[in-house]
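The values are calculated or read from the model by the stated rules, or taken from the named source; none is laboratory data. Please read all numbers here as calculations on a predicted model, not as lab measurements. Here the Cβ is made from the backbone with ideal geometry for all residues, glycine too, and neighbour counts use every protein chain on show. These accessible areas exclude ligands, DNA and RNA; they are computed on the full protein's heavy atoms, side chains included. Shrake-Rupley method; radii C 1.70, N 1.55, O 1.52, S 1.80 Å.
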Amino acid sequence: MESEKAKILPFYVLIDVSASMSGRKLDEANQIMPQVVDALAQAPILADKVRFCVIDFGSDAQVRLPLCDVLDEHSSLPPLTIRGATSYAAAFRVLRSEIEINVKQLKADGYLVHRPAVFFISDGEPTDPEHEWRTAFGELTGFATYPNFVPCGVDQANPKVLASLIHPATGPKQMQMYLMEQGQNPADAIAAIAEILISSMLASGQSMAQGSSGMILPAKQDLPAGISAHSSDDFV
Amino acid sequence: MSTHTIGLSALGPLGEQLGVGGQGRVFLAPAITLDDVAGPLVYKQYKPGHVPPHGLSAVVSRRLRMDVATRQRLDRLAVWPVRIVEQAGAVSGVLMPLIPGQFFEDRYLPSGRPTRSLREVQHLFIDPDRALRLGMPAPTTAQRLLVCRDFAAALHLLHRNDLVIGDINAKNAVFRLDARPSVMIVDCDAIRIKGAAAVVKQLNAPDWEPPEDTLTQATDLYKFGLFVLRCLGPGAMASVSRDPARANAVLAPEGRTLLRASLSHRPADRPTAQDWGRFFDGLQPVVRRQSAPAPPPPATSTPGWKRDPKTKRWVQAT
Ligand SMILES: Nc1ncnc2c1ncn2[C@@H]1O[C@H](COP(=O)(O)OP(=O)(O)OP(=O)(O)O)[C@@H](O)[C@H]1O
């Protein structure tokens, strides 16, 4: 038999841990990792396809869960903790460097690597200067292994800012943005976004086959209540 | 309305919703019994636009035309659609037998949440230690060989009756290990009668694609080869493997030859389900029972998570 290379989808979740996230919002954010593990425990062959990484960002960005097979006996799920401001630039830089290292490693281990998938969850506006996070985002999306980037906003997040982060923003493989609808409880919205990212992870992993883009987002009619999906031209 | 079709009103009040899939919702139908079905029934209500276009009545009729003994065997190995359900002259869903409780596992998820899971065959493909850690059984090699034997027997019965399963994959067969290890095919939507079109378009699940484009009994045999390989050689990347050498350690030379031939790109090379059945029958493995008691669930209120060094399960850090 021909030997086929296995294909891996690296899946990154970036979570805002700025001061405004404290309380119930952080509690919900802290449920994301165990929920992802539970979801994979119910579809355990997906561990042959998906690797998961969590980065949190406040005044700086830190890799909380290095890209791994979360069903592995030796991986552990760290708590997220609040750290001051909201540096999008730090988040984008750490993500870019992780992707670069992880993809290199996976390839060296003999895998084919799908374009990385990113869910970026924020409850506020970036506190760093615009040119700084724009530059960092340009560097993230401008290199060969740029990720499919799905921004998600709750509470005080700025729809216009987040819409500008959808990547790719156009074309057949264009991504989307998810926003908390007006009047919703932000903690509930984070739980709903967790649901979306898990169903995207499951669907993407399941469908991954020769030629597919490696990232599937739920259909609009299947979104949980309180969340709306948008494309990049919805906010100008 | 013919014998293979009943009106929605004949179902009486529906019970609990058992699940939702891409194609529809599944409800208990406790108020109806059928002479030709032994156990409880469920009603699968198709979502609008997901009613199978054709072929359903042929699949339902085929079962009703079987002699009683064959039909009873069929009902043990497949969750076959037993009646078409119509409302106002249009197909609204199908009646099916309830999947027996022995194919479900009560377990705790890593977070400590209790759940009841269908024992899909995907759980046979992962590392057995991992399966145990996730609260699923980790069958011995002997039990795995018996599961394969039962699957071969099921496939043989279907093929002998001119049926094509089509979409054999990691989720549409379930297994049990108690009494006699066995499998049951739970999604019969893609089943087709040889010479007729499928009820729904027959598709290949990712990682189960056969070499040829058209799905036939020969592609069933190729996919069965993948099943044997992945079930007998569990572990990392088994679910995507097509390398027959993976099962060398547990297969006698004759079995290795059968497996290689099953995965041949030439359909004519592939052994029949009966060939496989004879091979597995000849092994007559000794079955040992194996059970792992579920540890109690951890608490779920603080934010950090770590592995308990003893139980290897996720617990929340304090
Ligand atoms: N006969 C049955 N007995 C008990 N539970 C069932 C039965 N059929 C389906 N279910 C439950 O309902 C759920 C959905 O059913 P099923 O998977 O057949 O729907 P589907 O539309 O074909 O789904 P998919 O999107 O996977 O194709 C299953 O996961 C299972 O839990």
Check your understanding: Taking the Cα-to-Cβ direction at residue B:194 and at residue A:203 and moving 7 Å from each Cα, how far apart do the two end points lie in nm?
Key -> 3.9
**Study point:** Where only alpha carbons of region B:94-240 are counted, the Rg and the Dmax (Å)
**Key:** 15.5, 49
Point to revise | Accessible surface of chain B, 1.4 Å probe, proportion on carbon and sulfur as whole % | key: 53
Practice item. For the protein assembly as shown, restrict the atom set to alpha-carbon positions and state the Rg and Dmax in Å. Key: 25.0, 78
Check your understanding: Residue by residue, what Karplus-based ³J(HN,Hα) values in Hz, rounded to whole numbers, does region B:83-97 have, using 6.51, -1.76 and 1.60 with θ = phi - 60° and x for Gly and Pro?
Key -> 8, 7, 10, 10, 9, 6, x, 10, 5, 10, x, 9, 9, 9, x
Revision key, fill the gap. The alpha-carbon center of region A:2-48 and that of region B:120-155 are separated, in whole Å, by 27
Check your understanding: Between residue B:104 and residue B:31, how many nm apart are label points set 7 Å from Cα along the C-beta direction?
Key -> 2.2
**Study point:** Dipole-positive endmost among B:141, B:231, A:6 within the protein assembly as shown (Cβ charges, Cα centre)
**Key:** B:141
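A 26 angstrom limit on the alpha carbon distance is what I want to check against. Which of A:173/B:171; A:220/B:47; A:7/B:171; A:25/A:220 exceed it? If you can, show how the numbers build up before the last one.
On the way: A:173/B:171 28 Å; A:220/B:47 16 Å; A:7/B:171 20 Å; A:25/A:220 24 Å.
Checking Cα-Cα distances, A:173/B:171 exceed 26 Å.
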Check your understanding: What's the FRET efficiency of residue A:160 with residue A:100 using the Cβ-Cβ distance as r and R₀ = 25 Å, to the nearest 0.05?
Key -> 0.30
Exercise for review: Give me the distance between the Cα centres of region A:168-184 and region B:1-49, rounded to whole Å.
Suggested key: 38
Check your understanding: More than 22 Å apart: what percent of Cα pairs in region A:7-94 qualify?
Key -> 28
Check your understanding: From the backbone phi of region A:184-190, what are the Karplus-calculated ³J(HN,Hα) couplings (6.51 cos²θ - 1.76 cosθ + 1.60, θ = phi - 60°) in whole Hz, Gly and Pro given as x?
Key -> 7, 7, x, 5, 4, 5, 5
Review point. Roughly what % of Cα-Cα distances in region A:60-122 sit above 17 Å, to the whole percent?
Key: 51
Review point. Among A:119, A:22, A:146, which residue has its Cα positioned farthest towards the positive end of the charge dipole of region A:1-154, with +1 placed on the Cβ of Lys and Arg, -1 on the Cβ of Asp and Glu, and the dipole taken about the Cα centre?
Key: A:146
Point to revise | Inter-centroid distance (Cα atoms) of region B:200-256 relative to region A:74-148, Å | key: 37
Review point. Dipole magnitude of region B:156-245 about its Cα centre, charges +1 at Lys/Arg Cβ and -1 at Asp/Glu Cβ only, in debye to the nearest 20?
Key: 260
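If R0 is 35 Å, what FRET efficiency do you get for residue A:235 and residue A:143 from their C-beta distance, rounded to 0.05?
Numbers: r = 26 Å, r/R0 = 0.74.
Working from the Cβ atoms, E equals 0.85.
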Study note, to complete from the structure: Once amide hydrogens are built 1.01 Å from N within the peptide plane, the residues lying 5 or more places from residue A:167 or on another chain with amide H under 5 Å from its amide H are A:149, A:175
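Rounded to two decimals, what is Rg over Rh for region A:2-235 when you use alpha-carbon atoms and the Kirkwood radius?
Working: Rg = 16.4 Å, Rh = 17.6 Å.
Dividing the radius of gyration by the Kirkwood radius yields 0.93.
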Review point. For the pair B and A, how large is the buried accessible area, both sides, in square angstrom to the nearest 100, if the probe is 1.4 Å?
Key: 2700
Exercise for review: May I ask for the Kirkwood hydrodynamic radius of chain B, worked out over all distinct Cα pairs and given in angstroms to one decimal?
Suggested key: 21.0
Practice item. Find out how many positive minus negative residues lie around residue A:223, taking Lys and Arg as positive, Asp and Glu as negative, among other residues whose Cβ is under 13 Å from that of residue A:223. Key: -2
Practice item. Please list the non-local residues whose amide H lies under 5 Å from the amide H of residue A:227, H modeled 1.01 Å from N, same-chain partners needing a gap of 5 or more. Key: A:181
Study note, to complete from the structure: What the 10 Å binned alpha carbon P(r) of region B:5-98 shows, as percent of pairs per bin from 0, is 16, 52, 30, 2
Practice item. Considering only DSSP beta bridges where both residues belong to the protein assembly as shown, give the percentage that are antiparallel (nearest 5). Key: 60
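How big is the dipole moment of region A:2-235 about its Cα centre under a simple scheme where the beta carbon of each Lys and Arg is +1, that of each Asp and Glu is -1, and everything else is neutral? Debye, nearest 20, please. Before the final figure, lay out each step's value.
Numbers: 17 positive and 28 negative charges, 102 e Å.
Approximately 500 debye in magnitude.
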Exercise for review: Name the residues of region B:234-264, by number, that are at least 40 Å² less accessible with every protein chain in place than in the isolated chain; the surface is that of heavy atoms, probe 1.4 Å, without ligands or nucleic acids.
Suggested key: B:237, B:239, B:242
Study note, to complete from the structure: Diffing region A:23-34: the Karplus 3J(HN,Hα) column from phi (6.51, -1.76, 1.60, θ = phi - 60°), in whole Hz with x for Gly and Pro, holds x, 5, 4, 5, 4, 5, 4, 5, 7, 4, 4, x
Point to revise | Surrounding net charge for residue B:267, when Lys and Arg each add one and Asp and Glu each subtract one, Cβ distance under 15 Å | key: -1
Revision key, fill the gap. Spelling it out for residue B:92: with amide H atoms placed in the peptide plane at 1.01 Å from N, the residues 5 or more places away or on another chain with amide H under 5 Å from its amide H are B:85, B:86, B:87
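Mind putting a number on the dipole of the protein assembly as shown about its Cα centre? Charges go on the C-beta only, +1 for Lys and Arg and -1 for Asp and Glu, and I need it in Debye to the nearest 20.
The dipole of the protein assembly as shown has a size of about 1740 debye.
Which GluC sites (Glu not before Pro) in region A:1-105 pass both tests, a DSSP loop state and at most 16 other beta-carbon atoms within 10 Å? Walk me through the intermediate numbers first.
Working: sites: A:2, A:4, A:28, A:73, A:98, A:100; in loops: A:2, A:4, A:73.
Within region A:1-105, the qualifying GluC sites (Glu not before Pro) (loop, at most 16 other Cβ atoms within 10 Å) are A:2, A:4, A:73.
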Exercise for review: Take each complete run of DSSP H in chain B, measure how far its Cα atoms stretch along the helix's own axis, and keep only those covering 27 Å or more with mean Kyte-Doolittle hydropathy at least 0.5; list them.
Suggested key: none
